[in-house]
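The values are calculated or read from the model by the stated rules, or taken from the named source; none is laboratory data. Remember, it's a predicted structure, so these values are computed and weren't measured experimentally. As a convention, Cβ positions derive from the backbone with ideal geometry for all residues, glycine included, and neighbour counts pool all protein chains shown.
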């Protein structure tokens with residue numbers, strides 16, 4: 001979609017669709033402002049005469065008779081006198097509208113826009129001060145919700161190549177000229193955040209035969225070229241020089257060799273003070289069969305999503321570059337395919353990690369922590385101020401938090417608070433879980449420095465994070481996001497079709513924004 005701002009005296013009557021937010025007063029819709037807003041937009045179609053009297057029906061009475069209550073996400077299409085349509089969109093009580101309320105309503109509007117084949121859409125914004133946030137946030141949420149709702153699906157079906165639904169529609173946000181600067185700022189932010197999220201969804205939705213570790217590196221290079229990031233890729237030979245036993249071990253059972261992808265964004269120019277240094281690390285297992293500790297066949301097709309952490313940090317980097325954040329950002333993506341080939345690692349193998357610690361492999365399906373551990377060590381070499389990693393790491397986190405929250409663990413209260421705030425604002429919500437010495441001690445091995453599995457099934461998400469903590473210095477600010485339950489949705493939502501959610505891309509990008517403010 002293409003977004004713009006317009007003044008109220010614009011040629012609204014020439015548009016295919018006029019969208020009007022409607023609020024509740026008590027349990028009923030407040031239609032009087034709606035009628036006033038539509039007065040210059042072609043009006044409503046005249047109602048039928050009553051009791052034989054020839055008179056124009058009261059439009060407020062006509063709307064009230066529709067049964068439309070203006071609850072959040074409810075919609076009512078209304079025919080206009082000029083031949084076009086108005087779409088009333090419920091938002092509930094004005095004082096209770098949140099950022100996600102707007103995104104979801106916008107997503108519903110986007111879907112209806114496609115159904116109605118509307119090419120020109122005017123959104124009549126509520127008066128300034130009506131909602132409990134500013135115009136920049138309002139514009140960002142409307143555009144984000146509409147863009148995310150129309151993620152392309154089915155692009156690999158035979159026949160004509162599927163185009164992004166609604167891509168050609170032009171949406172104008174209508175408000176007084178004095179509000180335009182803030183609205184344009186919000187639209188620019190929405191474009192950046194949506195781009196990162198949609199890239200993450202696109203990558204996670206790809207099948208594993210098309211997204212091998214080498215192919216993921218190719219996609220990362222292409223994104224870097226488009227957005228002005230630097231990119232380099234380390235192959236097996238260089239990984240052996242770095243003694244990355246974890247990443248090499250996980251990938252050795254596959255015909256597709258492991259890679260380490262490194263991207264860099266640094267705002268060009270001279271800076272009066274040092275830029276904040278942040279490293280992002282994303283798990284990139286492009287397919288996880290479990291290795292020798294083979295997963296059950298049921299549901300294994302979803303193991304193509306095991307690189308959602310990599311997609312999230314790549315999407316966040318794209319957003320950071322588009323926003324031109326004043327930050328020194330490094331993105332590290334360890335990527336491998338975990339397969340049960342003849343060279344695959346075996347339970348009881350002991351490997352040496354890049355930091356020199358030895359690890360006994362008790363279960364080859366606990367592979368994500370092995371590649372992340374090497375990548376965390378590599379990221380820490382640059383002495384960043386903060387490290388954030390994202391990974392579909394444990395089924396235990398799904399059991400604990402379900403599909404609406406990501407697990408958040410780390411050693412920095414400041415960074416955890418930032419991610420919590422960012423999660424609330426983007427509605428990519430996180431829930432802090434404990435990281436304690438008892439769990440760190442549980443990962444000590446009998447035959448090696450560490451083992452890759454805890455003593456039992458209890459607290460699996462906690463012991464996995466505890467394992468990672470052995471590869472991050474205590475003085476380094478670090479947070480770990482377990483997005484296993486949030487990376488994929490089996491049911492479509494207002495802002496996401498069935499499939500990859502892109503979870504983490506907007507969350508992490510917003511956290512970066514907060515860190516540089």
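Listed here are the residues, each with its yes/no results for (1) assigned to a loop (DSSP other than H, G, I, E, B); (2) in contact with a helix residue (DSSP H, G or I) (Cβ under 6 Å, 6 or more places away or on another chain); (3) surrounded by 15 or more Cβ atoms within 10 Å (Cβ to Cβ); (4) assigned by TED's automatic domain parsing to the domain that holds residue 313.
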residue	(1), (2), (3), (4)
250	no, yes, yes, yes
275	yes, no, yes, yes
279	no, yes, yes, yes
294	yes, no, no, yes
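Within segment 404-419, being outside any loop (DSSP other than H, G, I, E, B) and either touching a residue at least 40 places away in the same chain (Cβ under 8 Å) or crowded, with 18+ Cβ neighbours inside 10 Å (or both) holds for 406, 407, 408, 409, 410, 414, 415, 416, 418, 419. Annotation: of all residues in segment 498-515 being surrounded by fewer than 22 Cβ atoms within 10 Å (Cβ to Cβ) and touching a strand residue (DSSP E or B) at 6+ places or on another chain (Cβ under 9 Å), the one that is nearest to residue 113 (Cα to Cα) is 498. Only helices (runs of 4 or more DSSP H) whose full extent lies in segment 27-117 are considered here, and the ones with at least 2 residues that are at pLDDT 80 or above are 32-38, 99-115. Residue 344 passes every criterion in (1) assigned to a loop (DSSP other than H, G, I, E, B); (2) over 30 Å from residue 477 (Cβ atoms); (3) within 32 Å of the chain's Cα centre (by Cα) apart from (3).
Listed conditions (1) more than 17 Å from the chain's Cα centre (by Cα); (2) over 20 Å from residue 500 (Cα atoms); (3) in contact (Cβ under 8 Å) with a residue 40 or more places away in the chain are all met by residue 434, apart from (3).
Checked across segment 97-113, the condition of being more than 24 Å from the chain's Cα centre (by Cα) and assigned by TED's automatic domain parsing to the domain that holds residue 29 holds for no residue. Note on segment 322-381: residues that are free of Cβ contacts under 8 Å to residues at least 40 places away in the same chain and touching a strand residue (DSSP E or B) at 6+ places or on another chain (Cβ under 8 Å) amount to 1.
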